[in-house]
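What follows is a single structure, written as structure tokens, with notes after it.
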Amino acid sequence: MEFNLFTLVFLVATLSYVITLLWLNVRQDKAVAKSFDSVPGEFQEKITLEQHQKAAQYTQAKLTVNHFEIIFSTIVLLVWTLGGGLNWLDGAWQALGLDALSSGVLFVISLMIIASLIDLPFSLYRTFVLEERFGFNKTNIKTFAGDLFKEFILMLIIGLPLVYAILWLMSEMGELWWAYVWIVLTSFSLLMFWLYPSYIAPIFNKFKPLDNLELKAKIDNLLTRTGFKSDGVFVMDGSKRSSHGNAYFTGIGKNKRIVFFDTLLEGMEDKEVEAILAHELGHFHHKHIRKHMISSFTISLLGLALLGYLITQLWFFNGLGIENPSNHTALVLFMLVIPVFSFFIAPISNALSRKHEFEADAFAAKHTHAEDLVSSLVKLYRDNASTLTPDKLYSAFHDSHPSASIRINHLKASES
């Protein structure tokens, strides 16, 4: 197998990526340990030392698992590329004598299945050991296995045609194939946004209309005041899998839903739920969802254009362990290695996301009460065992939301 200068570039980038991830984890662990014996002042009235220490231990336990995941996933990446794994898998499918398109589709789908199987032990550990240890897991083996089966079927129903379409376009549309693939992927993403609330999410969870009439009246009033229209307010059986609480919007156009986890509603007062909803409405008011989609589509266009160049370069394939260049191996190689090279721009996208969170908080404070949003956030931090004292650099690379103290103090300042 022939390696080249790009092999060295890839190895240096991978080593930098892994060292940075592990270093950030160590920083996070130290930051959490430093404040283990004292609750930050702004949270002392609402969060006990025991609850604070549980959050610290939960964070540290997740970091420990993540150490192993980082190292293991890096080994897997190197085995697939420089170790010849992709080259072997590609050769195995080509040996069957199928046409290039069919063998390419099977190569990509089989790789996705193998990747899921490789991740399975970590998923099992996170669910039935880590989450169980801290009292969050509500999933049983039957539900877990059922989810895996449903995900597999969806991958075949949705993934197979999509992969086929992409590889067909790559082979038939000439040098500008990447532009056609971008159009297909963008259209597919928009279709999934529209389909997800009504057709995909119900495969995994049950959704029922909000039956708290007093809360529903407050929500309807808030929606009227803010000019937001949705397909309804629903409660999801999140407690089927976890005791973590959450709320979210999903869908586009008229097919939008407001969804509350049943676990969130159990611990919140109506005015706090209203404040959480107002925050989510703030994202729509400021068009954050649209801005995120536009930036995501722009990045994907640039990425595909880059792949359009790399696919013509023999050094790209040889440098990553592929002897026989093809459309499907180029696509897979690009998806495997792009996280290594793009990781260091994560603080930029996270900084923009945190800016959006502040804007949504300000909208919520304007249309409800800042103290209600503060109260609801503190409960979410407490009930989800979220650390109150993250390391600043770790947060810059990993967190799309402001840290607890910064966010709470920002809201309190808006009251005065």
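Only the coordinates and a few stated rules stand behind these numbers; no lab work does. Keep in mind the model is a prediction, meaning the values are calculated, not measured. Counting neighbours? That spans all protein chains shown, and the Cβs are built from the backbone with ideal geometry, glycine included.
Among GLU45, GLU272, GLU323, GLU131, the order by Cβ neighbours within 10 angstrom, fewest to most, reads GLU45, GLU323, GLU131, GLU272. Legend: ranking of residues LEU49, LEU411 from fewest to most surrounding C-beta atoms inside 10 Å; resulting order LEU49, LEU411. Computed over the alpha-carbon atoms, the stretch 219-346 gives an Rg to Rh ratio of 1.18, Rh here being the Kirkwood radius from the mean inverse distance. From helices alone, the chain scores -22500 deg cm²/dmol at 222 nm; the rule is -39500 (n - 2.57) for each run of n ≥ 4 DSSP H residues, then divide by the residue total. Taking Cβ atoms as reference points and 12 Å as the exclusive limit, the residues near VAL76 contribute a net charge of -2, counting Lys and Arg as +1 and Asp and Glu as -1.
Of the chymotrypsin sites (Phe, Trp or Tyr not before Pro) found in the stretch 330-416, none is in coil by DSSP with at most 13 other Cβ atoms within 10 Å of its Cβ. Among the trypsin sites (Lys or Arg not before Pro) in the stretch 246-305, those placed in a DSSP loop whose Cβ has at most 14 other Cβ atoms within 10 Å are LYS254, LYS287.
All other residues whose Cβ lies under 12 angstrom from that of ASN87 are scored, Lys and Arg at +1 and Asp and Glu at -1, for a net of -3.
The charge dipole of the chain, taken about its Cα centre with unit charges on the Cβ atoms of Lys, Arg (+1), Asp and Glu (-1) only, comes to about 540 debye.
Seen from ALA56, the other residues with C-beta closer than 13 Å to its C-beta sum to a net charge of +1, counting Lys and Arg as +1 and Asp and Glu as -1. You can think of it this way: the chain between LEU124 and SER16 has 36.0 nm of extra reach, that is 0.36 nm per residue less the Cα-Cα gap. Legend: residue pairs LYS218/LYS256; LYS271/LYS392; LYS30/LYS206; LYS218/LYS412, Cα-Cα distance threshold 29 Å; pairs beyond threshold, LYS271/LYS392; LYS30/LYS206. Lysine pairs in the stretch 38-160 whose alpha-carbon atoms fall under 25 angstrom of each other, counting only those eight or more residues apart or on distinct chains, come to 8. Bridgeable aspartates and glutamates around LYS34 (alpha carbons under 18 Å apart, same-chain partners fewer than 8 residues away excluded): GLU42, GLU50, ASP391. Placing unit charges on each Cβ (+1 for Lys and Arg, -1 for Asp and Glu) gives the chain a dipole about its Cα centre, and among ASN221, ILE200, HIS410 the Cα reaching farthest toward its positive end belongs to ASN221.
The Cα atoms of the stretch 1-134 cover 69, 35, 20 Å along the three principal axes, with the biggest extent listed first. So if the hydrodynamic radius of the chain is defined as the Kirkwood radius over C-alpha pairs, what does Stokes-Einstein give as its diffusion coefficient at 37 °C and 0.692 mPa s, in µm² per second? Here the translational diffusion coefficient equals 137 µm²/s.
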